[in-house]
Every structure is written in structure tokens, then in C-alpha cells.
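Structure record follows, encoded as C-alpha cells.
The values are calculated or read from the model by the stated rules, or taken from the named source; none is laboratory data. Since the structure is predicted, the reported quantities are computational estimates derived from the model, not experimental observations. Cβ placement follows ideal geometry from the backbone for every residue including glycine, while neighbour counts extend to all protein chains displayed.
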Amino acid sequence: MSTMVPAKKNTAYTFYTSLVSQANPYIFQANPTLAAGDVKVAVDDAAPANVTDLPTVDADFTKRVKVTLTASEMNGDNITVIFSDVAGDEWCDQVVNIQTTAAQIDEIKSETADILADTAEIGTAGAGLTAIPWNSAWDAEVQSECADALNSYDPPTKAELDTAEANIRGADNDTLKTLSDQIDGVAPAGEYDTEMSRIDQSLSTTESNIRGTDNDDLKTLSDQLDGLENLSQDEVIAAMWTKTVINKSTGAFTVYKADGMDVLITGTITASASEVTRSVD
């Protein structure tokens, strides 16, 4: 037999009570007389009405009265049962208030058992979940959630990825793997440092050679060369002469280069009353 604890709303309910004797208030009335109108029920704040089923006296224990309320009489949060002897000379007035709930212990126990069974199925750390087959009814829901996530993330489209890949590959269409292999084949970082140091030294030497002993930079040299643009041939040749030997008797002359050894130019100088003539061999 299922229990009736606690009393459930909108569900028939039975309880037992005893009525105090008016003749001797220290005892319960044996075989109390119960007539229509002696017992009424009020649902929440509604007016009391006669119970559908008049309570009965227990044949095995005549001081106990059995009260049965119908589902409609229990359809409230507070059910008040009022006992009042219409004849007024046998037993005392009494009130029993019943508060209802949505579920009874047996139902809660059953639901708890179901939970325990489900928990056992799940197993430790969810081990039992691995055997659950996929339900095709879940497809639409999962796809909808994935679509929402992707729309929120806004990832690149395939066309955008293709364009990005083509830009990475370049004109020779190298894959990332090919590029990685090519990079792996380049000298390690230490060799880069050594090579760059050598290049720096070479550039420094080249610059020093260009500057010469007077340490002129290229701009200074360029400015100096700009100043030579308007020199005549004679002025240039004269600037190059460092040693000239002239034979006074014949007028022959020899101009040597800067080293004083190599001949730069030879010729003859002749003179008359009106002019001096120079001929170059």
C-alpha cells in the first residue's frame, strides 16, 4: 500500500482522528454519533461545506474516526476539516488543517530511484555515456548551434582562403612545406652573423679606399670633380705636369708624369719676334 505522506493536492486523502467527550473532556468519545452536517470541509478560503463521505467509526477501535476526502475536496493548498456536533451534547468541536504538496514521498522515492538508475548508467566520470548511440533527431539542433557559432565567429570563406593561399604560394606556386624546406636549407643564424660581419668589413674597406688619404667622402669628391668640368685641356695637362725638361739650344722639351720617371708628353718650342710656337709630338 502506498503512503499518503504528505497529503497531495487534488488527490483523495484519508486520515484518522478522535473526538473528545463532552461528558468527560479527559477521554475520547467511544462510538461517537456522526450525522449529516457534523463534519464540513473548507478548501483554502472557500466557505465550509458538508463532506461528501460522512466519517465512520473504526469497528476495532471505537474511539477512532476514519475521514476520507475526495480529490475535489483536496484541490487546494490548505484543507480545513471542521467537526461540530449538530446535536450538541456528545463530543467537542475540533478542527484539522491539512497542507498539501505537489508530490508524495513514494513519488519522490520513485523519481530518486530513476535518478540513481540513470547515474549508474552514466558510470564513473561518464564512462557509460560512450555507448549511447547517436540520435538522428539531434542533427538539426546541432547544425543550428554550429551555424550560430560560425556566424558569430565569421570565419573566412573557402574563396577567401583560396586567395590567401595563392598569395602565400606566389608566382612559383610553392606550398608552405616547400617554402619551409627552402628556409631550412638556408645557413643557420650564426652563419648569417658571420657573413654580415664580413660584408660590413668589406664595405668599410671599400669606403676607406674611396675616401683616400684625405678621407674625402663621395659628396666632397663629386663637388671637386664638378669644379674640373670647365678646365681647358692645357689647364688639365698643366695640372698633371710635375717635371718638365727643356733643351735650350733645340727647344725640345719632355714632360714627365707624377712619378718623375714616366714620360707624359714631348715636343718642341720655337720662337720668333712676334710669337712662341709649341708643337707636341
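Annotations
- Filtered residues of segment 76-91 (kept if of a type outside the set (Gly, Ala, Ser) and surrounded by fewer than 15 Cβ atoms within 10 Å (Cβ to Cβ)): Asp77, Asn78, Val86, Asp89
- Count - residues of segment 118-161 that are acidic (Asp, Glu) and either in contact with a strand residue (DSSP E or B) (Cβ under 7 Å, 6 or more places away or on another chain) or modelled with pLDDT of 85 or more (or both): 5
- Residue in segment 185-206 that is nearest to Asp162 (Cα to Cα), counting only those that are in a helix (DSSP H, G or I), at pLDDT below 70 and not small (Gly, Ala, Ser): Tyr192
- Among (1) at pLDDT 95 or above; (2) aliphatic (A, V, I, L, M); (3) over 28 Å from Asn50 (Cβ atoms) - the single one Val67 does not satisfy: (3)
- Condition met for Thr17 (among the polar types (S, T, N, Q) and in contact with a helix residue (DSSP H, G or I) (Cβ under 8 Å, 6 or more places away or on another chain)): no
- Residues of segment 11-33 satisfying the condition of being without any contact (Cβ under 8 Å) to a residue 24 or more places away in the chain and aromatic (Phe, Trp, Tyr): Tyr26
- Long-range neighbours under 6 Å by Cβ, at least six apart or interchain, first residue in the same structural domain as Ala42 (by TED's automatic domain parsing) within segment 68-92, second aromatic (Phe, Trp, Tyr): Leu69/Tyr13; Met74/Tyr13; Asp85/Trp91
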